[in-house]
1. If you take just the strands (runs of 3 or more DSSP E) that sit entirely in segment 307-376, which of them hold at least 2 residues that are open to solvent by 20 Å² or more (accessible area, probe 1.4 Å) and among the hydrophobic types (A, V, I, L, M, F, W, C)?
2. In segment 456-467, what residues are assigned to a loop (DSSP other than H, G, I, E, B), farther than 14 Å from Ser487 by Cα and open to solvent by 10 Å² or more (accessible area, probe 1.4 Å)?
3. Residue pairs, Cβ under 8 Å, 6 or more apart or interchain, first in segment 702-729 and open to solvent by 70 Å² or more (accessible area, probe 1.4 Å), second part of a loop (DSSP other than H, G, I, E, B) and modelled with pLDDT under 60. List them.
4. Restricting attention to segment 95-116, and to residues there that are open to solvent by 50 Å² or more (accessible area, probe 1.4 Å) and under 13 Å from Asp136 (Cβ atoms), which single residue is nearest to the chain's Cα centre (by Cα)?
5. How many residues, within segment 196-241, are farther than 12 Å from Arg182 by Cα, out of contact with any Lys or Arg (no Cβ under 9 Å at 6 or more places or on another chain), among the charged types (D, E, K, R) and open to solvent by 50 Å² or more (accessible area, probe 1.4 Å)?
6. Could you count how many residues in segment 377-407 are β-branched (Val, Ile, Thr) and either open to solvent by 10 Å² or more (accessible area, probe 1.4 Å) or at positive phi (or both)?
7. Please determine, by comparing only the residues of segment 510-525 that are open to solvent by less than 20 Å² (accessible area, probe 1.4 Å) and either in a loop (DSSP other than H, G, I, E, B) or among the acidic types (Asp, Glu) (or both), which one is nearest to Gly581 (Cα to Cα).
8. Within segment 173-185, can one find any residue that is surrounded by fewer than 20 Cβ atoms within 10 Å (Cβ to Cβ) and under 25 Å from Arg92 (Cα atoms)?
Amino acid sequence: MCDPSKDPDVEIQHLEPKAIFGFDGSIDHGIRPHPNGKEIVFPLGSKIGIADYKQMNKQSFLSGHTNTISCLSISKSGRYLASGQSNYMGFRAYTILWNWEKKEEVIRHDIHNTKVQSVCFSAEDKFLISLGGQDDGTIIVFDIEALVPICRAVSSKSTSGIATGLLSHPTLTNFFFVCGERHLRVWSILREQRKLNVHDVNMGKLQRKFTGMRIDNKCEYLYLGTMTGDVIKVRLNCCDPENVTKKGMNSLIIGAFAKHNPRKPKGKDCVQYVCGVRDLYVLTECSFLIGGGDGTVELVEERDVCLKDYPNPTWPLYNLMKSVKVNGGVSTIERIDEKLFIIGTDNCEIYMLDIKKFELKLVKTCHKAPVYDLVFPKNFSSVFASASKESIRIWSAKRMVEILRIYVHNFACASLVFSHDGKCLVSAWNDGVIRAFTPVTGKLIYAIPNAHKECTSVAISSTGKLLATGGINGQVRLWKIEPFRQSLVGVMKEHTGPISTIDFNKFDSEIVSASTDGCFIIWDVNRLMRKHVVYVNTQFMCARYFPTGVQILTSGSDRMIGYFEVYDVSLVREVEGSTKGCVNSVSMNTTGEYFVSVSNDQMVKLWNYQKGINLCCGTHHAAPVLSCAYSPDGKFFVTGSADGAIMVWDVPEEHWPKNIDPFERPSSQTIAQRKSSTSVSSKLSRKEPENVDTLETARSNKDIVFSECPPVDCKCSPDINEACNFVPPCGERDCTTVCP
């Protein structure tokens, strides 16, 4: 069959993302501010993001890595940027040197094996130093002027643990420090001899796993955070500017220090940080900013007290001055200017801290797990919702910020959908529960326990009174939704694999279910019976009705996008949606003129539906793209990937929808019309029901609203709707024909 998508005369446009919600917070010290004081650099999958800290959602990218980035560093002058990556076991990992002004790669090497743990620049931008991971265990010194590696050495002794941290001396070109599990080493670079000298700092009885390292402004002391929850202070004694092994160069540990609790007696007044000190920043000689693994960010000062006779190895030297808490463990603390600090967390969130007021502001957030589904409200493009592990999030498409977050701890949301009147958000979770929430405050409206063993997909009728769900065991279930009762109407079981997607047709008379067992089935809603089934040598990942309901668009693991007629399920057209990976999802605009597809090859493609031609292509994702959603106005679409990133893409103006489907309500439907419609959620409350139309105005000048879902009693069984109580959408109980 001829593939029109490969027409050589068609010029494919390149798509640029309008906004990106993404940040890899699992990397320690992953956020790096540029010395120009305007931009910050952070990792996002296999790409490096560059953003103005005042406009975090407008970003540019550096592409060149073949796998996930594991470390970043910026030279003190700001001329160079360095990055390292991780790779599969047994494969080499790249270390790349970038030119900041030209935003291009200078040179790369793949001397490290499997992973580059850390990188740093020496003073005066003379050397680039890289530390290998656990499977490599070596240090590489790269001469930036000559663009050649000059020496290599083993990073730690065989009797100590692995090396995890790397820090260069701020003024001495030849000195750098390496820390890790139960060891701290001071190194010097001998350029002419092409070798490294090393001095092991005597740890004594202190056995610590070190995390962050900082040197004070006078370069006299080195401070290290530990997973034990205290701070180690080391006197550097860097007398000779070249060789670390000469006499008088021995660095000494002064002690281990933590917070003082004045309410407890001596010996018990030392308070260590929960989950360790993940990072710290030296403000002055006696004041520090400390970030803990439990999310605490504290300003502490040294006490003027003698603690030589203290009975514990960790001394309570610090007084707590101010404290705030962020969501997740602190992974990065960096200074932007005199009063602003940037704080990154392992929950993939970035905060700005005003050190004078000691107030936090959340400036960037994203999912930390794959984005399984994306959805817009019916005929409303101002907001969209995303589904991921432990949370559902609603985003503003105008301001490009998160508005609402709904938590369901320890479980993942596989699918979600807005009711057509905009007053309810229904979601399917892998604990087998269907949960419905209000769209403004995120309160639980109703929950259906044990809907499936694991719920994988959900769809809702235009009236909001019928709900179709799919499970991991291949069952499709139909539910009747009433104000105070949600009852099971019927079970349709012909699939042998998990249900990927479910979709209602325009008239609510049919549903189509796609499964990874290689078939999709069209079901008659009125008779609860199968109408058609199609078997293909693929794993179907998505099946969507055309807006008029005459065709079905499918995608799957065979990399093909198929057009099927609903009348006799004949294959009309088949185009290649990807050259490498599975096509995970497709989404059409409201008129059916265009659709977007996403795939495992990290590609986002915009298609002409009638011609089957690929019009535009986007390549900014750094992981397999799992979900997509076309906005109701047809002017943009959103995509979500396996690394938790969400991207908003502008559709070129020439591809905006030109025709309005006469069967659809106008996209400019007023809020008053929406409020006049009835729904289940409106009858559950005597107050004015929440509507997604008011979400943007209600949250325009407020922070994110966090809502936690109350526990659901999963011992209960769902209600069974009696056959005589079920009325098909057309209203006729004994109807055997398709509803008009």
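1. In segment 307-376, the matching strands (runs of 3 or more DSSP E) lie at 314-325, 359-365.
2. Ser462, Thr463
3. Here the result reads Cys724/Arg733, each pair linking segment 702-729 to a residue that is part of a loop (DSSP other than H, G, I, E, B) and modelled with pLDDT under 60.
4. Lys115
5. Final tally of qualifying residues: 2.
6. 1
7. Among residues in segment 510-525 that are open to solvent by less than 20 Å² (accessible area, probe 1.4 Å) and either in a loop (DSSP other than H, G, I, E, B) or among the acidic types (Asp, Glu) (or both), the one nearest to Gly581 (Cα to Cα) is Gly518.
8. So far as segment 173-185 goes, yes, one or more of its residues are surrounded by fewer than 20 Cβ atoms within 10 Å (Cβ to Cβ) and under 25 Å from Arg92 (Cα atoms).
The values are calculated or read from the model by the stated rules, or taken from the named source; none is laboratory data. Note that this is a predicted model, so its numbers are computed, not measured. Note that each Cβ is placed from the backbone with ideal geometry, even for glycine, and that neighbours are counted across all protein chains shown. Side chains are part of the model used for accessible areas, which takes the heavy atoms of the whole protein and leaves out ligands, DNA and RNA. Shrake-Rupley method; radii C 1.70, N 1.55, O 1.52, S 1.80 Å.
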